[in-house]
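Worksheet: one structure, shown below.
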Amino acid sequence: MPTDVPENENENGNEINMNDEKLLTHPSYEELLQKLDEAEQKANQYWERILRMQAENENVSRRTERDIANAHKYALEKFANELLPIVDSLELCVASLSPDTHDSAKSVIEGVNLTLKMFYTALEKYGIKQVNPLSEPFDPEHQQAISMQYDPAVKPGTVISVLQKGYTLNNRLLRPALVTVSKAEK
């Protein structure tokens, strides 16, 4: 039930002096727009910050995954580098025998050849491949030229002898092949 209260009296019947009453003040429309713009700018700044942080987090995650994959893929690198001189020695043993000692030490040579085959199989099983570039064009990414010689029978820039074979681990160079390369005539 609404009651009729005169404009200059409150509900209790007390007289209200309009001059004494504090009027509620509201910010102007321009001030509200300015505050809204500031709030939107802050929200946009925070949103951009969140997006940058999210992108950075994804990059760190991808980099970590790649580092872990590389660690697994190339974990054998040090061990393989320790085995390569053994393979070199066995190959040198077989290559350095003269034909006349070949008959007397035939069973020893067969044993060394079998050992070499087992080494090659074990190396390939773990992604280690031999680089033997004999008669191929010189490739500075996988070969190291020790000397150059003129050979009229071979095109210049071709590998004419391999002093030490190179190796790769999962297509990454472990050791370059040491080679002699043919050169053009002076």
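Assorted remarks:
- Search result, residues across region 136-158 that are assigned to a loop (DSSP other than H, G, I, E, B) and under 19 Å from Thr168 (Cβ atoms): Glu136, Phe138, Asp139, Pro140, Glu141, His142
- Of all residues in region 115-135 being in a loop (DSSP other than H, G, I, E, B) and within 29 Å of the chain's Cα centre (by Cα), the one that is nearest to Ala184 (Cα to Cα): Pro133
- Residue within region 127-134 that is exposed (fewer than 10 other Cβ atoms within 10 Å of the Cβ) and under 25 Å from Leu163 (Cα atoms) present: no
- Some residue of region 90-107 being at pLDDT 90 or above and either among the β-branched types (Val, Ile, Thr) or exposed (fewer than 12 other Cβ atoms within 10 Å of the Cβ) (or both): no
- Any hit, region 166-184, residues being over 30 Å from Ala75 (Cβ atoms), surrounded by fewer than 15 Cβ atoms within 10 Å (Cβ to Cβ) and either in the same structural domain as Val131 (by TED's automatic domain parsing) or touching a strand residue (DSSP E or B) at 6+ places or on another chain (Cβ under 8 Å) (or both): yes
The values are calculated or read from the model by the stated rules, or taken from the named source; none is laboratory data. Keep in mind the model is a prediction, meaning the values are calculated, not measured. Neighbour counts run over all protein chains shown; Cβ positions are idealised from the backbone, glycine included.
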